[in-house]
Amino acid sequence: MRTHDSATHPTAIAVTGPRTSSTGPRTTTRPVTAPAPATAPGTAPATGTRGGTLLAAAGVVAFSLTFPSTAWGLESFGPWSLVALRSTLAALIAGVFLLARRVPPPERRHWGPLAVVAGGVVVGFPILTTLALRSSTTSHAAVVVGLLPLTTAALGALRTGHRPPRLFWAAALAGAAVVVAFTVTESGGALSTGDLYLFGALLVCAAGYTEGGRLAAVMPGWQVVGWALVLCLPLMAVGGVVALAHEPVRLGAHGVLGLVWVAAGSTFLGLYVWYRGMAAIGIARASQLQLAQPLLTLVWAVLLLGEELSPAAPLAAGGVLVCIALTQRAAARR
């Protein structure tokens, strides 16, 4: 992926000056290229909107498989072992890419935001959601991603100063309400003991997405993901050794496949396309695509985990898609 830059448009500017000829002085006009104003971090650039939307949507699909894959991984590993191995493997993949491309280390001013990305997306969200899935079903845990788009958009507005129009917020709130109502109804209306983990995961992940989206506007998104993962590698490697010594391991096909996906798919590939798409279309607009993530997760839960899906799912899916369309239109009009 290339570093994101604002588009530059040639603009014709009249430049006058004397030119001597046999018929006397005359004025000529020549084109001068004038750069367009730079795009502010966290807002959508002038070009690449459709491609950015597709990339962000691909990230949402990858993320929607995270909870089912984590449930599979927990069949073979303990929660702490699974998180440590997940982050370690993803960091090794990222490190290979960084070395192969001979990418220089980030500037000093970028390490603080990278630490937020690492703490929120690489460490905090996986640990908290994995602990929550020990007592919560996949459908119940989907409430996190139901609220994540709204939280990410709110934090993004605070950090970047970008203020989406009222229609955007109204549609975002409506979509979040539909998702929350649906997932709570699906779980029987009772709050599980893992809810505190889930809400904590919501906050730290939104912070990581926001800082990552801002960094992806000034450096390639895959490098944002790569350096955040490498930053966590020493801690996760040591944590993996300690966790494996204290938690039982029962290797099975589901467990290994779950670990591979959450490491290579969700943590590396998913974040790569997600941050690249977010840099192209903006934090707020990309975050609303995640309204579809809980419903996709429920589909995977049926196909992969054998969970039953209620007849209300198509209605909720329709309502969410309408809200997504409204948020995209509102953001495009901004």
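The values are calculated or read from the model by the stated rules, or taken from the named source; none is laboratory data. None of the values given here were measured: they were computed from a predicted structure. Methodologically, a virtual Cβ is constructed for each residue, glycine included, from the backbone with ideal geometry; neighbour enumeration extends over all protein chains shown. To get the accessible areas, we keep the full protein, side chains included, count just its heavy atoms, and leave off ligands, DNA and RNA. Shrake-Rupley method; radii C 1.70, N 1.55, O 1.52, S 1.80 Å.
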How much net charge surrounds Thr297 when only other residues with a Cβ under 14 Å from its Cβ are counted (Lys, Arg +1; Asp, Glu -1)? -2
What's the FRET efficiency of Val299 with Val241 using the Cβ-Cβ distance as r and R₀ = 30 Å, to the nearest 0.05? 0.25
Heavy-atom accessible area of His162 with all protein chains present, probe 1.4 Å, nearest 10 Å²? 50 Å²
Which of Pro164, Val225, Leu147, positive extreme of dipole for segment 117-234 (C-beta unit charges): Pro164
Compute the signed sum of charges (Lys and Arg +1, Asp and Glu -1) over the other residues within less than 14 Å, Cβ to Cβ, of Val116. +2
What dipole magnitude, in Debye to the nearest 20, does segment 219-334 give about its Cα centre under +1 on Lys/Arg Cβ and -1 on Asp/Glu Cβ? 600 debye
Which loop chymotrypsin sites (Phe, Trp or Tyr not before Pro) in segment 237-286, with loop taken from DSSP, have no more than 16 other Cβ atoms within 10 angstrom of their Cβ? none
If you take every residue apart from Thr53 with its C-beta less than 13 Å away from the C-beta of Thr53, what net charge results, scoring Lys and Arg +1 and Asp and Glu -1? +4
